[in-house]
1. Identify, please: which residue in region 89-120 is buried (at least 17 other Cβ atoms within 10 Å of the Cβ) and basic (Lys, Arg) and is, among those, modelled with the highest pLDDT?
2. What residue, among those in region 121-132 that are part of a helix (DSSP H, G or I) and at pLDDT 95 or above, is surrounded by the fewest Cβ atoms within 10 Å (Cβ to Cβ)?
3. How about region 1-44: which of its residues are over 21 Å from residue 88 (Cα atoms) and assigned to a loop (DSSP other than H, G, I, E, B)?
4. Under the condition of being free of Cβ contacts under 8 Å to residues at least 40 places away in the same chain and touching a Phe, Trp or Tyr at 6+ places or on another chain (Cβ under 7 Å), which residue from region 15-44 is surrounded by the fewest Cβ atoms within 10 Å (Cβ to Cβ)?
5. What's the total number of residues in region 153-186 that are farther than 20 Å from residue 238 by Cα, hydrophobic (A, V, I, L, M, F, W, C) and either modelled with pLDDT of 90 or more or in a helix (DSSP H, G or I) (or both)?
6. Pick out the one residue from 210, 254 that is part of a helix (DSSP H, G or I), closer than 23 Å to residue 22 by Cβ and at pLDDT 95 or above.
7. Spot the failing condition for residue 195; the list is (1) part of a helix (DSSP H, G or I); (2) over 16 Å from the mean Cα position of the chain (by Cα); (3) surrounded by fewer than 22 Cβ atoms within 10 Å (Cβ to Cβ), and only one is missed.
8. Give 73, 105 a once-over and let me know the one that is aliphatic (A, V, I, L, M), over 24 Å from residue 240 (Cβ atoms) and in contact with a helix residue (DSSP H, G or I) (Cβ under 6 Å, 6 or more places away or on another chain).
Amino acid sequence: MNSLSVILLNAWTGLCAVALAEQTHLLTGGAPELGSLEGFVFGGALFAYNIIRIDPLPRFLAWVFGALALVCLVQLQHYTQAAAVVPFVAWGLYYGALGTANVRLRAVAPLKPVTVSLVWAWVTVLLPLSSGQWVSAMVLFAGRAAFLFGLAFACDVCDAPLDAKHGLDTLALRLGNASSRRLIDTALTLSAGCVTANWLLGNYPPDLTVALVATLVATAILLRLIFRTTHKPHIQKAAIDGIMVLQFLGVWLVAAI
């Protein structure tokens with residue numbers, strides 16, 4: 001992939017992260033908004049994914065969007081600023097930026113998708129909420145993390161042939177194709193279980209519960225189609241990221257009715 005394609009793919013990923021953050025507002029009784037938090041999430045995503053690139057253009061834009069994220073961050077509440085330290089530290093540990101290059105979470109096969117899902121859940125669930133809402137949002141956090149684990153692991157499945165070619169160790173390669181797909185389905189089922197738990201706890205109305213479960217069923221179907229219709233990893237991963245937008249749209253449409 002050329003530099004421009006990489007940047008566009010990462011920009012799309014950033015937009016998907018913003019969509020999930022907006023979904024959190026909807027699920028907790030709020031409304032979608034565009035402000036400093038969304039600027040931080042988008043700019044931070046582009047910084048995190050592009051600063052590791054060797055090509056000068058992605059690295060330059062990484063610093064530009066990193067500056068945007070910082071400007072947005074200083075305008076947020078102090079508890080949100082403190083919570084934002086967690087994904088920054090996780091990013092450093094993931095890529096080895098806070099230690100030696102040989103000591104990074106990304107190199108530990110089982111931890112790679114787990115780290116990605118937990119960090120994304122932290123950013124898209126806890127950061128959009130006030131600190132007083134965090135305890136009541138723990139089931140939402142767990143369901144979002146399970147959903148994101150399924151997507152992150154699906155991306156690892158897409159990368160498996162290339163990872164095998166370069167001798168990289170990943171959980172998808174260890175498990176094999178069939179077991180990997182079962183694990184993805186298990187993660188989506190757990191996410192649906194958390195959605196149902198939130199309904200039983202009175203946190204979700206029935207219509208939003210049905211909408212979320214329907215998007216999770218659609219996710220399982222779409223992943224199968226994505227795996228089957230193309231074998232180009234960057235196209236597959238862009239489509240997988242788009243499932244986040246699909247879930248947001250499903251919730252938003254039901255909430256708007």
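The values are calculated or read from the model by the stated rules, or taken from the named source; none is laboratory data. Just so it is clear, the structure is predicted and the values come from calculations on it, not from any experiment. Heads up, the Cβs are rebuilt from the backbone with ideal geometry, glycines too, and the neighbour counts pull from every protein chain shown.
1. Filtering region 89-120 for residues that are buried (at least 17 other Cβ atoms within 10 Å of the Cβ) and basic (Lys, Arg), the one modelled with the highest pLDDT comes out as 112.
2. Step one: filter region 121-132 for residues part of a helix (DSSP H, G or I), giving 121-126, 131-132.
Checking the rest, the ones that are also at pLDDT 95 or above come to 121-126.
Details: 121: 22, 122: 18, 123: 25, 124: 25, 125: 26, 126: 24.
Checked region 121-132; the qualifying residue surrounded by the fewest Cβ atoms within 10 Å (Cβ to Cβ) is 122.
3. Selection gives 1, 2, 28, 29, 30, 31, 32, 33, 34.
4. 43
5. Within region 153-186, residues that are farther than 20 Å from residue 238 by Cα, hydrophobic (A, V, I, L, M, F, W, C) and either modelled with pLDDT of 90 or more or in a helix (DSSP H, G or I) (or both) number 6.
6. On the way: 254 fails: at pLDDT 95 or above.
After ruling out the rest, the residue left standing is 210.
7. Among (1) part of a helix (DSSP H, G or I); (2) over 16 Å from the mean Cα position of the chain (by Cα); (3) surrounded by fewer than 22 Cβ atoms within 10 Å (Cβ to Cβ), the lone unmet condition for residue 195 is (3).
8. Numbers: 105 fails: over 24 Å from residue 240 (Cβ atoms).
Of 73, 105, the one residue that is aliphatic (A, V, I, L, M), over 24 Å from residue 240 (Cβ atoms) and in contact with a helix residue (DSSP H, G or I) (Cβ under 6 Å, 6 or more places away or on another chain) is 73.
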